[in-house]
């Protein structure tokens, strides 16, 4: 049993945001059914892939779901998909998609089958243009404000942050709509665009105000934490660390462990500025950095790791992805969120479960992603209510595909 | 009326994630009450600030909430905060925090007052260390994979992406817990850490698999879209654009509008590689870029903007924040998500509402953030149920603070 056990969500999706939304719900215990074409969706082979071409991305984004392979280009395939989306049940009739197709998966058409459907549709932008994370981000200004000071070259993020944000919003939107249905019996169509999610954040973070009210467009500030003190430093052994002094306590901690109180007091007096104010630390960041640089240059990472941790300094070391896996216990089975999971077709490797712990239930172990079409027969029988003979002829006709063969299937 | 009208959520928070969660709920119609010390919370003066020191950040992150100023360092202030958190009502008893203090805002203590409390607590990491977005991100590897190929310098993101992701997860966690309470009458304590949210994403995106299964640690690839084709180009007039060819359709569109089909066919033949495969486009990205570079170099942005949009190319121009505000209609009142809102103490400027549209309700106009302590008397009376005489003596004693004076208050 998990917090959402009993809920059923159907997903028609590709790439990051909506697959992440479905997986988040699946990892909270919902029965999440993703349907794809028998040859796989647009993200079936998304990189990174293994040496044999299996997508580590697909395996990562679809954990714990059921997979149905249906030729939704055929009329009967579409009908069956609609039956799955609109199947009865008080905790079903929930649909999330970034692929809604007018005429057969639009809300109006689907509500002919189930009046109280709750559907969340994620689109690129409000104008119907094809917007993805990697175009939304440049258009709104972040790459021009990222990277070394003085450079004119934009730096794009590697984490598809807007997709990850929007995916979690799809979860919230669906849960809010279903909450409302529980009370009113009314279904709901929820519309969200990636561009609007990002544009709103620009306002939420105060960046629109900075331009509109202050007439300032934030520039590149390297790795400095804007508006307070935070900076990266090189150590004697060539590692790099980030230290943060956003709050008053963080600032005091940082001065204490580096023994720089006297120097900072002197600096404060010389500049006639109160460094206990976060904004003043920002304005005096270059001078503060000059005080701290020799301290880090003179020490190896191991010289201060324990001291920093014991003193509660807000800091971290910079790592490559491989170093993170090798060094960080939070990225290992020492962290109860992670287990080594056998992913059919790929093998056994470190796999995260849900980051949430609901105290009433404890943690669920992570489950593997399904093989494409692994649950076609089961879903066609249990959810669409089709008789076995019909399911067999659909498979024979290529309208549905059940994964068979020697792939080790998850239980 | 909005989708969450009637729900009441209490927030004890600072900075990005939990304030964003509360605001998201407020913009869906919930009555969200944030309480802070009478002098303001840790983020009361967070940059960016106006010339007079008003925080544009605070104004951005607290829109539509009610603000209560309480001295929670005093025993009576704490008691009142607990009364507000645990006040009766079937749609109340919902608490979100990143500041939970053992002994008075931990779940166990609060459930002595309200047994079915649903509480979401966001912590830094599972070990209780002080982790923030700007330390979590370096520790997991993204800055070492961001920026120009060949550079050893880490590049930190400017968008606090993990905070924005975790904030939306706080919303989902609360809605899932409340959904469960509606059915079982049981409260729930939901634990989430910023580090785990980020560590899970590393697995979800396939990056852990890339290291663990393939033995590869992704390096810096500049602005290239990993695993498919996506690249930035300079135009003849010194602008920079991003073009994306992740899907087959995007690739065909890009070749067609740039008239490079023949060149790409030739390239494909010469390398004996099938560029219709996304992974092959990634492997041949430098050669593809060589074909496209002269095309963009020879043209000004205005020469191809309309053609690209008409042809449905997935692309965008790079902009500074100021250029984005000046050029992008999605960041203007032409976008119904935005309105010019009068923010007390700051003035009237472009402000986003909720990115969601719930079809049953339509869009709510964005509301301003409250002034600190704007709703103290109202909440102490309506929610905590205190008589007027007691509220007055609490204010006289400095335990509570009601904002007064000539600040123009939001209605």
Unique match (being in a helix (DSSP H, G or I), within 14 Å of another protein chain (Cβ to nearest Cβ) and touching a residue at least 24 places away in the same chain (Cβ under 8 Å)) among B:313, B:291, B:257 | B:257
Residue list for region A:145-174, restricted to those being at the interface with chain B (Cβ under 7 Å from one of its Cβ atoms) and outside any loop (DSSP other than H, G, I, E, B) = A:145, A:161, A:164, A:165, A:168, A:169, A:171, A:172, A:173
Selection from region B:185-201 of residues that are closer than 15 Å to residue A:60 by Cα and facing chain A (nearest Cβ under 7 Å) = B:197, B:199, B:200, B:201
Taking residue A:89, is it in contact with a strand residue (DSSP E or B) (Cβ under 9 Å, 6 or more places away or on another chain) and at positive phi?
-> yes
Answer yes or no as to whether residue B:211 is buried (at least 22 other Cβ atoms within 10 Å of the Cβ), at pLDDT 95 or above, closer than 29 Å to residue B:144 by Cα and not assigned by TED's automatic domain parsing to the domain that holds residue B:110.
-> yes
Hey, among the residues in region B:227-246 that are in a loop (DSSP other than H, G, I, E, B) and farther than 22 Å from residue A:63 by Cα, which one's farthest from the other protein chains (Cβ to nearest Cβ)?
-> B:236
Would you mention how many residues in region A:147-190 are within 26 Å of residue A:356 (Cα to Cα) and touching a strand residue (DSSP E or B) at 6+ places or on another chain (Cβ under 7 Å)?
-> 10
Considering residues that are within 15 Å of residue B:206 (Cβ to Cβ) and touching a residue at least 40 places away in the same chain (Cβ under 8 Å), the number found within region A:36-51 is 2
Considering only region A:202-224, state which residues are in a loop (DSSP other than H, G, I, E, B) and facing chain B (nearest Cβ under 7 Å).
-> A:205, A:206, A:213, A:214, A:217, A:218, A:223
Selection count, region A:125-136, where residues are more than 8 Å from chain B (Cβ to nearest Cβ) and within 18 Å of the chain's Cα centre (by Cα) | 1
Search result, residues across region A:87-102 that are within 19 Å of residue A:4 (Cα to Cα) and surrounded by 21 or more Cβ atoms within 10 Å (Cβ to Cβ) = A:92, A:93, A:94, A:95, A:96
Residues of region B:13-30 being more than 17 Å from the chain's Cα centre (by Cα) and crowded, with 24+ Cβ neighbours inside 10 Å, which ones?
-> B:30
Confirm whether residue A:227 is surrounded by 22 or more Cβ atoms within 10 Å (Cβ to Cβ), under 31 Å from the mean Cα position of the chain (by Cα) and without any contact (Cβ under 8 Å) to a residue 40 or more places away in the chain.
-> no
Would it be correct to say that residue A:187 is in the same structural domain as residue A:135 (by TED's automatic domain parsing) and either more than 30 Å from residue A:309 (Cβ to Cβ) or buried (at least 23 other Cβ atoms within 10 Å of the Cβ) (or both)?
-> yes
Could you please let me know if residue B:275 is over 23 Å from the mean Cα position of the chain (by Cα), modelled with pLDDT of 95 or more and in a loop (DSSP other than H, G, I, E, B)?
-> yes
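The values are calculated or read from the model by the stated rules, or taken from the named source; none is laboratory data. Quick caveat, the model's predicted, so the values are computed rather than measured. With ideal geometry, Cβ positions are generated from the backbone for all residues, glycine too; neighbour counts draw on all protein chains shown.
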